[in-house]
Amino acid sequence: MLRSIDFLKSDEIFLKLVKKTVGNIHRGWLPAYHFEIYDRQGNEVGGCDLRVGHNENVYYGGNIGYHIDENYRGHHYAGKACLLLFQLAKKHNMEYLIITCNPDNHASRRTCEYAGGTLEKIVQIPDDNDMRKIGETEKCIYRFHLQDY
């Protein structure tokens, strides 16, 4: 995990590190960074995280997760946060990232398109996956080739 992440800011948003997690190999969890997202006025608008590395869990759950508080939606804050997280992933020598969403989550699909992702496919979640156990059935798999950023 990197010590300094001061580069995670733009003219419109900045990411504030909340915590780092080391992962759990037995559960298939990867090391991760967890952030709050702030606008340029200093309002917390949401949160995001980056899971570093690749495995089956991340293929279905994504390397990046995000949420934007309802009052701040419509400004592409999630997409802008993803673009900042791409820079962090590159510092970890990652060549690509996966972001997933439910097929009916049109806002998240627009976020992936805004950030330049390619819809690889829509897949069925395996029966033994934790997301399937809570009722999820399908995911859109978006791939981002980091050499393009």
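Is it true that Val58 is touching a residue at least 60 places away in the same chain (Cβ under 8 Å), over 22 Å from Lys16 (Cα atoms) and either in contact with a Cys (Cβ under 9 Å, 6 or more places away or on another chain) or of a type outside the set (Gly, Ala, Ser) (or both)?
Values: touching a residue at least 60 places away in the same chain (Cβ under 8 Å): no; over 22 Å from Lys16 (Cα atoms): yes; either in contact with a Cys (Cβ under 9 Å, 6 or more places away or on another chain) or of a type outside the set (Gly, Ala, Ser) (or both): yes.
When the stated conditions are applied, Val58 does not pass them.
Listed by position, the helices (runs of 4 or more DSSP H) enclosed by segment 37-149 that each have at least 2 residues that are in contact with a helix residue (DSSP H, G or I) (Cβ under 9 Å, 6 or more places away or on another chain), within 17 Å of Ile13 (Cα to Cα) and hydrophobic (A, V, I, L, M, F, W, C) are 77-91.
Answer with yes or no whether Thr111 is among the hydroxyl-bearing types (Ser, Thr, Tyr), touching a Gly at 6+ places or on another chain (Cβ under 6 Å) and closer than 26 Å to Asp6 by Cα.
yes
Taken together, the residues in segment 1-56 that are within 16 Å of Gly79 (Cβ to Cβ) and among the aromatic types (Phe, Trp, Tyr) amount to 3. Candidates Leu15, Leu8, Leu30: the one that is in contact with a His (Cβ under 9 Å, 6 or more places away or on another chain) and in contact (Cβ under 8 Å) with a residue 12 or more places away in the chain is Leu30.
Can you find a residue in segment 81-94 that is surrounded by 15 or more Cβ atoms within 10 Å (Cβ to Cβ), at pLDDT 95 or above, farther than 17 Å from Tyr142 by Cβ and not hydrophobic (A, V, I, L, M, F, W, C)? For segment 81-94, residues surrounded by 15 or more Cβ atoms within 10 Å (Cβ to Cβ), at pLDDT 95 or above, farther than 17 Å from Tyr142 by Cβ and not hydrophobic (A, V, I, L, M, F, W, C): absent. Within segment 43-79, being under 27 Å from Asn93 (Cβ atoms) and acidic (Asp, Glu) holds for Asp49, Glu56. The residue that is nearest to Gly62 (Cα to Cα), among those in segment 116-143 that are among the hydrophobic types (A, V, I, L, M, F, W, C) and modelled with pLDDT of 95 or more, is Ile141.
Among the criteria (1) over 28 Å from Lys91 (Cβ atoms); (2) of a type in the set (D, E, K, R); (3) surrounded by 12 or more Cβ atoms within 10 Å (Cβ to Cβ), the one Asp127 does not fulfil is (3).
The values are calculated or read from the model by the stated rules, or taken from the named source; none is laboratory data. The structure displayed is predicted, hence computed values, not measured ones. We place every Cβ from the backbone using ideal geometry, glycine too, and count neighbours over all the protein chains shown.
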